[in-house]
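I have placed the structure first, in the form of structure tokens, so that the comments after it can refer back to it.
The values are calculated or read from the model by the stated rules, or taken from the named source; none is laboratory data. Note that this is a predicted model, so its numbers are computed, not measured. Here the Cβ positions follow ideal geometry from the backbone for every residue, glycine too, while neighbour counts run over all protein chains shown.
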Amino acid sequence: MLTQLRPALVLMVALTAITGLAYPLAVTGIAGAVFPAKAAGSFIERNGQVVGSSLIGQNFTSAGYFHGRPSATTAADPADATKTVPAPYNASNSAGSNLGPTSAALSERVKGDLDTLKAENPGAAVPVDLVTTSGSGLDPDISPEAALFQVPRVAKARSLPEDRVRALVTSRIEGRTLGVLGEPRVNVLALNLALDDLSHP
């Protein structure tokens, strides 16, 4: 019995040390050395202050800023810890809504968002990512179509020519990763920071 138990215990301890300690520490160290900014969270700084991360969206609501995708993340209700309240882009509670296509709450929310967006840009087709949440609730990017859809509202709020704002959006479009992975996208935080620079040279 001991002759069988001892090798099993030694193997368990060895694999725990290798896969649970050595490997994670090695990967973390290599990532920090090769990609220091990305390993530290891909923070974006402005005037020496961290204003966000290029990996986590923010809840922009002002008419003068581009808005990201809707976020279904929640947080504990301060008044009742057994309940939750909406907390868009809550990085400590990344999740989707889990609402299915037959959900009345989902249909109502999407219809409300569609009505708002159609009022902002009458006659234009509403891009799907402006009314659908991502699986994480933290998506920092939107499609180029979603960014261009918002140009009239942002230009009006900022008293800027639409062509100038549209050119800014076009200049911020990122292509597919390595030319094949994902879809073209626009990082909302980076776009809004560039918009601030455009409005206040």
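What to note about this one:
- Any hit, the range 48-55, residues being of a type outside the set (Val, Ile, Thr), more than 30 Å from Lys156 (Cβ to Cβ), surrounded by fewer than 11 Cβ atoms within 10 Å (Cβ to Cβ) and without any contact (Cβ under 8 Å) to a residue 12 or more places away in the chain: yes
- Total residues in the range 121-133, condition aliphatic (A, V, I, L, M) and either farther than 16 Å from Ala72 by Cα or not in a helix (DSSP H, G or I) (or both): 4
- Qualifying residue in the range 125-134 (condition: within 14 Å of His67 (Cβ to Cβ), surrounded by 15 or more Cβ atoms within 10 Å (Cβ to Cβ), touching a strand residue (DSSP E or B) at 6+ places or on another chain (Cβ under 7 Å) and of a type outside the set (A, V, I, L, M)): yes
- Restricting the range 59-69 to residues that are closer than 20 Å to Leu148 by Cβ and in contact with a Gly (Cβ under 9 Å, 6 or more places away or on another chain), the residue that is surrounded by the most Cβ atoms within 10 Å (Cβ to Cβ): Gly68
- Taking the listed residues Thr116, Thr73, the one that is touching a Leu at 6+ places or on another chain (Cβ under 8 Å), surrounded by 11 or more Cβ atoms within 10 Å (Cβ to Cβ) and either among the charged types (D, E, K, R) or within 23 Å of Arg185 (Cβ to Cβ) (or both) is Thr73, with no other qualifying.
- Any hit, the range 98-105, residues being modelled with pLDDT under 85 and either within 20 Å of Leu191 (Cβ to Cβ) or touching a Leu at 6+ places or on another chain (Cβ under 7 Å) (or both): yes
- From the list Ala33, Ala75, Ala81, Ala26, the lone residue that is under 30 Å from Glu120 (Cα atoms), outside any loop (DSSP other than H, G, I, E, B) and more than 15 Å from the chain's Cα centre (by Cα) is Ala75.
- Restricting the range 155-201 to residues that are on the phi < 0 side of the Ramachandran plot and small (Gly, Ala, Ser) leaves a set whose member that is surrounded by the most Cβ atoms within 10 Å (Cβ to Cβ) is Ala155.
- Note on the range 175-193: residues that are assigned to a strand (DSSP E or B), at pLDDT 95 or above and not polar (S, T, N, Q) total 2.
- Test: Lys118 is under 26 Å from Ala75 (Cβ atoms) and basic (Lys, Arg): no
- Within the range 7-21, not a single residue is aliphatic (A, V, I, L, M) and assigned to a loop (DSSP other than H, G, I, E, B).
- Looking only at the range 151-201, and only at residues there that are acidic (Asp, Glu) and touching a Lys or Arg at 6+ places or on another chain (Cβ under 9 Å), the one that is nearest to Asp129 (Cα to Cα): Glu183
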